[in-house]
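The values are calculated or read from the model by the stated rules, or taken from the named source; none is laboratory data. All values derive from a computational prediction rather than experimental measurement. In this analysis, Cβ positions are derived from the backbone assuming ideal geometry, glycine residues included, and neighbour counts consider all displayed protein chains.
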Amino acid sequence: MFYLKISDKDIFNSCISNTSPVNEPCSVCGASNLYSNYSSYQRTMITFSGGHREEIPVVIPRVRCHCGKTHALIPDNLIPYSSYSLRFILILLWKFSTRSCTVTQFCNKWCIAISTIYKWIHMFIKHYNLWFGAIDEIVSLKADSVNKIEMIDSLPREFFNRFRFSFMQNHPFATASPPTANSD
Ligand SMILES: [Zn+2]
């Protein structure tokens, strides 16, 4: 089961306030310590709150390097290029693997397309196997596998550091995950 006590909104706020872009070199020129605050933009984070799907607006700060490149600073609990929080996806995958209703009923309940849940399952298996390697390879989605991933607090950051894309991110060559500078 999920033992996440902190909401995505709280994680998001603490990540943003602790984000120090000086720790992350520019992905274009490699310089560090040279960022200046540039701007911010608003996006929607779809998260799981009190047993329900919830959409909350979040503000993503953007910094500019001396080379001119701007970088968005996206916290670990948000997946680059995705409106869904990592927590939302993992909880839904867990619920999907233990559901007693049909796929259509499940997707209607959570307002997601059927193709989306299958895309997530496929990506979860792929990224799970990347992380754990051949020793612990899985071929299908199981609640235990979701639990195993969820219990590793440092997974989003460590996964990104190893593979240079985020867990459950559908852009294999994009660089992002925070407070890593995300080129955009
Ligand atoms: Zn730069």
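Scanning the stretch 11-27 for residues that are surrounded by fewer than 15 Cβ atoms within 10 Å (Cβ to Cβ) and either under 21 Å from residue 79 (Cβ atoms) or within 16 Å of the ligand (Cβ to nearest atom) (or both), which turns out modelled with the lowest pLDDT?
Filtering first and then ranking leaves 22.
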* So how many residues does the stretch 146-159 have that are free of Cβ contacts under 8 Å to residues at least 40 places away in the same chain, in a helix (DSSP H, G or I) and not aliphatic (A, V, I, L, M)? -> 3
